[in-house]
Amino acid sequence: QKDPRVYTVHVRKVLPGERVIIEVERCKRGVVEGRLLERLKSSHKRISPRCGHFGLRGVPRKGCGGCTLQSLGYQDQLATKEENVRTLLASQGLDTSLMKPILPSPSPWFYRNKMEFSFGDDHNRDSALGLYPSGWRREVIDIEACYLLSEGAVTIAREIHRWTKSAGLVHLNLAKGVGFMRTLTIREGKRTGQRMIEWTTSADQEVMFFGRMVDADVIGEAFAVEVEAICARLGESLTSLYWTQHRAVKGERTQLISHNLRGSPVLAETLQLPGGVTLDFEIHPRAFFQPNTLSAEELYE
């Protein structure tokens with residue numbers, strides 16, 4: 001053909017101005033999606049990420065999908081996001097001069113009030129509890145640290161994982177339809193200091209536990225005793241503890257059967273607004289709440 005073809009190329013983990021070698025993974029309607037193979041020239045804006053799990057997927061314990069911009073300083077992250085929004089609005093014919101400046105998060109670290117960690121296999125097919133590599137759903141990064149929720153929450157999660165491994169509990173394999181554990185969700189009241197922990201499993205009635213088949217209710221109670229002991233040993237708060245059975249049968253509506261094992265049925269959180277105004281919330285495990293409490297205060301304001 002005589003006319004040149006123009007492509008838009010999307011590559012994860014690459015910053016504007018960098019020169020790279022990529023492998024094309026997909027090409028559709030002039031849009032190319034590629035995977036980074038080698039970085040030949042780095043951007044002057046690139047910084048060393050704080051988290052050791054940040055990096056290219058495929059490398060053991062790296063490529064976490066929880067954060068994607070840690071290679072940029074926070075002010076550059078804000079500028080990138082603002083420009084992305086401006087581009088999207090302009091593409092729809094909207095007047096971008098009406099845009100107000102982006103509002104930064106009051107805290108760029110440890111700001112989230114909720115994280116859901118998944119049980120699964122890691123890169124070496126060992127038991128893991130953590131987050132998925134960016135774009136993957138077949139293996140889990142066994143996290144050693146996370147700077148989104150709180151240091152205490154990650155320590156609790158790691159201790160719970162050690163207990164589940166010692167008990168011989170296995171994660172759910174969706175492809176094979178076997179296994180028990182699905183996720184561990186931790187919510188925290190950034191203003192109240194409260195903490196809610198929810199363990200989600202399959203709805204199996206009997207499960208292998210320390211080498212023998214036992215009733216699932218026995219495991220639920222053992223989990224409650226262990227989590228209480230972990231939090232007491234670490235000096236961490238535990239306001240509410242849930243065990244939720246995820247019942248999924250083909251052709252039937254999915255059921256979430258929640259058991260409030262210990263403490264309050266809800267997590268209390270408060271938003272502090274100007275003029276001494278406060279908004280109080282009671283958050284159930286199934287409820288949505290803005291994940292950044294301090295930024296939520298600015299939204300409500």
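Being open to solvent by 90 Å² or more (accessible area, probe 1.4 Å) and either among the basic types (K, R) or assigned to a strand (DSSP E or B) (or both) is the filter here; which residues of segment 46-63 pass it? Quick ask: steps written out before the conclusion?
Going residue by residue through segment 46-63, those that are open to solvent by 90 Å² or more (accessible area, probe 1.4 Å) are 48, 50, 61.
The answer is R50, R61.
So, S202, is that one touching a residue at least 12 places away in the same chain (Cβ under 8 Å), small (G, A, S), closer than 24 Å to K250 by Cα and open to solvent by less than 20 Å² (accessible area, probe 1.4 Å) or not? Don't jump to the end; show me each part of the working.
Working: touching a residue at least 12 places away in the same chain (Cβ under 8 Å): yes; small (G, A, S): yes; closer than 24 Å to K250 by Cα: yes; open to solvent by less than 20 Å² (accessible area, probe 1.4 Å): yes.
Against the criterion (touching a residue at least 12 places away in the same chain (Cβ under 8 Å), small (G, A, S), closer than 24 Å to K250 by Cα and open to solvent by less than 20 Å² (accessible area, probe 1.4 Å)), S202 qualifies.
Please go through segment 1-30 and give me each residue that is modelled with pLDDT under 90 and among the polar types (S, T, N, Q), ordered by number.
Within segment 1-30, just Q1 meets the criteria.
Which one of E221, E297 is open to solvent by less than 70 Å² (accessible area, probe 1.4 Å) and farther than 28 Å from Y132 by Cα?
Details: E221 fails: open to solvent by less than 70 Å² (accessible area, probe 1.4 Å).
The conditions single out E297.
If you go through segment 73-94 one residue at a time, how many are out of contact with any Pro (no Cβ under 9 Å at 6 or more places or on another chain), among the hydrophobic types (A, V, I, L, M, F, W, C) and within 29 Å of R137 (Cα to Cα)? Please lay out each step first, then the result.
The initial filter retains those residues of segment 73-94 that are out of contact with any Pro (no Cβ under 9 Å at 6 or more places or on another chain), namely 73, 76, 79, 81, 83-94.
Imposing the further condition that a residue be among the hydrophobic types (A, V, I, L, M, F, W, C) reduces the set to 79, 85, 88-90, 94.
With the extra rule that they be within 29 Å of R137 (Cα to Cα), the set shrinks to 85, 88.
Adding up the residues that qualify gives 2.
Quick one: how many residues across segment 74-109 are within 21 Å of the chain's Cα centre (by Cα) and either farther than 29 Å from L129 by Cβ or open to solvent by 60 Å² or more (accessible area, probe 1.4 Å) (or both)? Give the steps one after another, and end with the answer.
Within segment 74-109, the first condition is being within 21 Å of the chain's Cα centre (by Cα), and the residues that meet it are 74, 77-78, 81, 104-109.
Subsequent filtering for residues that are either farther than 29 Å from L129 by Cβ or open to solvent by 60 Å² or more (accessible area, probe 1.4 Å) (or both) retains 74, 78, 81, 104, 106, 109.
Residues in segment 74-109 being within 21 Å of the chain's Cα centre (by Cα) and either farther than 29 Å from L129 by Cβ or open to solvent by 60 Å² or more (accessible area, probe 1.4 Å) (or both): 6 in total.
Taking segment 150-170 as the search range and keeping residues that are in a loop (DSSP other than H, G, I, E, B) and modelled with pLDDT of 95 or more, which one is farthest from M196 (Cα to Cα)?
First pass over segment 150-170, keeping only residues in a loop (DSSP other than H, G, I, E, B): 150, 167-170.
With the extra rule that they be modelled with pLDDT of 95 or more, the set shrinks to 167-170.
Working: A167: 23, G168: 25, L169: 22, V170: 23 Å.
Here the answer is G168.
Name the residue that is modelled with the highest pLDDT, counting only residues in segment 123-149 that are assigned to a loop (DSSP other than H, G, I, E, B) and small (G, A, S). It would help to see each step written out before you state the result.
Of the residues in segment 123-149, the ones assigned to a loop (DSSP other than H, G, I, E, B) are 123-126, 132, 134-140, 143-149.
After this cut, where a residue has to be small (G, A, S) as well, the list is 134-135, 145.
Values: S134: 76, G135: 72, A145: 93.
For segment 123-149, the residue satisfying everything is A145.
The values are calculated or read from the model by the stated rules, or taken from the named source; none is laboratory data. Keep in mind the model is a prediction, meaning the values are calculated, not measured. Don't worry about glycine lacking a Cβ; one is built from the backbone with ideal geometry, like all the others, and counts go over all protein chains shown. The area values use the complete protein model at the heavy-atom level, side chains included, leaving out ligands, DNA and RNA. Shrake-Rupley method; radii C 1.70, N 1.55, O 1.52, S 1.80 Å.
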